[in-house]
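One structure below.
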Amino acid sequence: MNCPDVEKLIPLYSGDDLDPKQTRIVEQHLDSCENCRNQARGFEQSALWLKSNASPEFDDATFLQLRQAVRLEIAQIQTKPGFGDWIFSLWPHRPAPALSAAAIIILIAALSLIIFRSSTDKNSNLITVVSDPAINRQEKPSPTDALQAPPKAALRNPKKTIARKEERLAINQIGSSAPTDITGPKSEEKTETTSSNNMLRIELQTADPNIRIIWFTPKKETQNDSK
Amino acid sequence: MVDASVMTNNLTAADEIADEKLLTNSLILRAQQGDLQAFDQIIIKHQRRVITLAWRMLGNKDDARDAAQDVFIRVYKNLSKVDPDRDFSGWIYRITINVCRDLARARNRHSRLSLEEEIEAGNMTEPVSLDNTESSAIYNQEQMIIARALATLTEKERAAITLRDLEGLPGDEVARILGSSPTTVRSQISSARSKIKIFRERWLKKGASNK
Ligand SMILES: [Zn+2]
């Protein structure tokens, strides 16, 4: 092996990073080459210089500070807000954990109530659909209309509510296609009869405000004629 | 009956290593269960090695302290993933190297100077003979020069020579920690040693010519 080849291996030789075979080859060359021997000595001195000066002193105060800083950061990690904390961060004072638990239970109860109400809404809608179109036209809300709660339902599923309205409108049109003037009664309390062109509309309000009896009958014009 | 101290004295080096490993394992298990005092003990056991390695990677004490803090926070956050039977020290070395790399990049301070730039820089101090290192001022000056010498290396060369020559780890372990092949790491070590040698020789020459 010539000098340039050995010189490439000397950095690794100086740190004992060559395999035994390469080490033997380098050593044989160094025995006979002063220049490469000097090179090898230079690497040894350089390594010694590096090792003896690359260990700065750190005092106990530094280590104490380090551990305190780590502890502080761990404490911050551990108290990072969870879901419950996030909810109560909305309030200025953080309630006790027991209070948090109670509030979560109330929240769950409220949610189940809303879901229950939404299923009741569907039923009440059915009642409205089958009810008399005249009642739907009344300016005052009928009891069934009052049951039909709505803004909540509308918020939850506005499309569904629109569909229901359209359904009701269609039924109203069917009703008005009947030969009756359904300008309708202004008052629900009194039993009323309304006359139209050729049909007579009779409404009876029962004691139950939810039940109203309505019927249509042809006008007895023949009677007038007979008089 | 055999006295406990006699037993201790009779312990071989291998026994001591085994005991040390048992102690470390027990600390890791306790820390994994949320025992912060055990975690504190883990820090105490590794703090000097971590901060020194960080200084060798970053070249100044303030950054080294910040890096050490980050290292132990990362260790804490990943404690649940640690298998106590595996190489915990190697894992901490790897975290330290990664933290130092991230810190250097974030601060954009790892602006490497070429050997020539370093040597030509007017602030290059005169060399001090090695037998005078008793004086702490001289010692600090030498450290400053070492930091400058290390700053001429690439990030990978610096990590490789630090782990191999300053931490004294076997080449294969250095490769494992750095996630490189042993051949690549040997090449980085060789290149780093050559650069440090040239730096030192030029510095000595410059010091001699200034006298
Ligand atoms: Zn030669």
Here the whole-number average of other chain Cβ atoms within 10 Å per Cβ of B:191-203 is 4
Packing-ranked peptide list from B:52-64, B:193-205, highest mean Cβ count within 10 angstrom first, is B:52-64, B:193-205
Applied in sequence order to region A:17-34, the curve 6.51 cos²θ - 1.76 cosθ + 1.60 (Karplus, θ = phi - 60°) yields integer Hz couplings, x standing for Gly and Pro, of 10, 9, 6, x, 5, 5, 4, 4, 4, 5, 4, 4, 5, 4, 4, 10, 10, 5
Buried accessible area between B and A, both sides, 1.4 Å probe, in Å² rounded to 100, is 3800
Karplus ³J(HN,Hα) for region B:89-104 (6.51 cos²θ - 1.76 cosθ + 1.60, θ = phi - 60°; Hz, whole; x = Gly/Pro) runs 4, x, 5, 5, 4, 4, 4, 4, 4, 5, 4, 5, 4, 4, 5, 4
Going residue by residue through region B:22-29, the Karplus relation 6.51 cos²θ - 1.76 cosθ + 1.60 with θ = phi - 60° gives ³J(HN,Hα) values, rounded to whole Hz and with x marking Gly or Pro, of 4, 4, 4, 4, 5, 5, 4, 4
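The values are calculated or read from the model by the stated rules, or taken from the named source; none is laboratory data. Just so you know, these numbers come straight off a predicted model, no measurement behind them. Neighbour counts are summed over all protein chains in view; Cβ atoms, including those assigned to glycine, are modelled from backbone coordinates with ideal geometry. The accessibility values were calculated without ligands, DNA or RNA, using every heavy atom of the protein model including side chains. Shrake-Rupley method; radii C 1.70, N 1.55, O 1.52, S 1.80 Å.
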